[in-house]
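A.B. asks: Just dropping this structure here.
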Amino acid sequence: ASATRYIVGDEVGWSDPSMSNVSYADWALKHRFHVGDSLVFKYPSDAHTVLKVNRQDFEACHNSNPMASYKDGESIVHLSSAGPHWFICGETSHCNQGQKFGIMVVERRGRHSRAPSPSPAPAPS
């Protein structure tokens, strides 16, 4: 199985939910994210940022202590570890209006190759 690139918000991109009528929480629920996948955030760099934060900062829309910060207008976030990942817009009012989402990233199945099964013994003649 190969890695998948997800465009956050699909055709709407990463935008102010009050202007675009998008629910990022609903968007995230429609997908299953695996280690090795990528999130692509497309947005006007003068209006938005992408912050990867912890759960407490996600819930409170706190933007002062992000684990990672992106502001180039087309940010690619590689999902390199399993577990919960939380993203918000650094513009607090946008985050408070719903420009945020959390995802659970899981290990990809079949990642480790197995030893081949032994062949059955030939039938006696």
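A.B. asks: Can you show me the helix-derived [θ] at 222 nm for the chain, built from DSSP H runs with n ≥ 4 at -39,500 (n - 2.57) apiece and divided by the number of residues, rounded to the nearest 500.
C.D. replies: Here the helix-only value at 222 nm equals -3500 deg cm²/dmol.
A.B. asks: For the chain, what's the relative contact order in percent, using C-alpha pairs closer than 8 Å and at least 6 residues apart?
C.D. replies: 29 percent
A.B. asks: Can you send over the carbon and sulfur percentage of the accessible area for the chain, probe radius 1.4 Å, protein chains only?
C.D. replies: Carbon plus sulfur share of accessible area: 50 percent.
A.B. asks: Taking only protein heavy atoms and a 1.4 Å probe, what accessible area per residue, in Å², does the chain have with all protein chains in place?
C.D. replies: 63 Å²
A.B. asks: Another question about this same structure. GNM, the chain, Cα, under 10 Å: largest mean-square fluctuation among Met104, Met19, Met67?
C.D. replies: Per the Cα network of the chain with a 10 Å cutoff, Met19 tops the list.
A.B. asks: If each of Ile76 and Val12 carries a label point 7 Å out from its Cα toward its Cβ, how far apart are those two points in nm?
C.D. replies: For the pair Ile76/Val12, the computed spacing is 2.5 nm.
A.B. asks: Can you tell me what percent of all Cα-Cα pairs in the chain are more than 18 Å apart?
C.D. replies: 55 percent
A.B. asks: Additional query: Which cysteines in the chain lack any other cysteine whose Cβ sits under 4.7 Å from their own Cβ?
C.D. replies: Cys89
A.B. asks: May I ask what percent, to the nearest 5, of DSSP beta bridges between residues of the chain are antiparallel?
C.D. replies: Details: 17 of 22 bridges.
Antiparallel: roughly 75 percent of the beta bridges in the chain.
A.B. asks: Filter the trypsin sites (Lys or Arg not before Pro) in region 5-69 to those in DSSP coil with at most 14 other Cβ atoms within 10 Å of their Cβ, and list the result. Can you show the working numbers first?
C.D. replies: Values: sites: Arg5, Lys30, Arg32, Lys42, Lys52, Arg55; in loops: Lys30, Arg32.
Qualifying residues, ordered by number: Lys30, Arg32.
The values are calculated or read from the model by the stated rules, or taken from the named source; none is laboratory data. Everything numeric in this text was worked out from a predicted model, so none of it was measured. Every residue, glycine among them, receives a Cβ derived from its backbone with ideal geometry; neighbour counts consider all protein chains shown. Heavy atoms of the whole protein, side chains included, go into the accessibility calculation; ligands, DNA and RNA do not. Shrake-Rupley method; radii C 1.70, N 1.55, O 1.52, S 1.80 Å.
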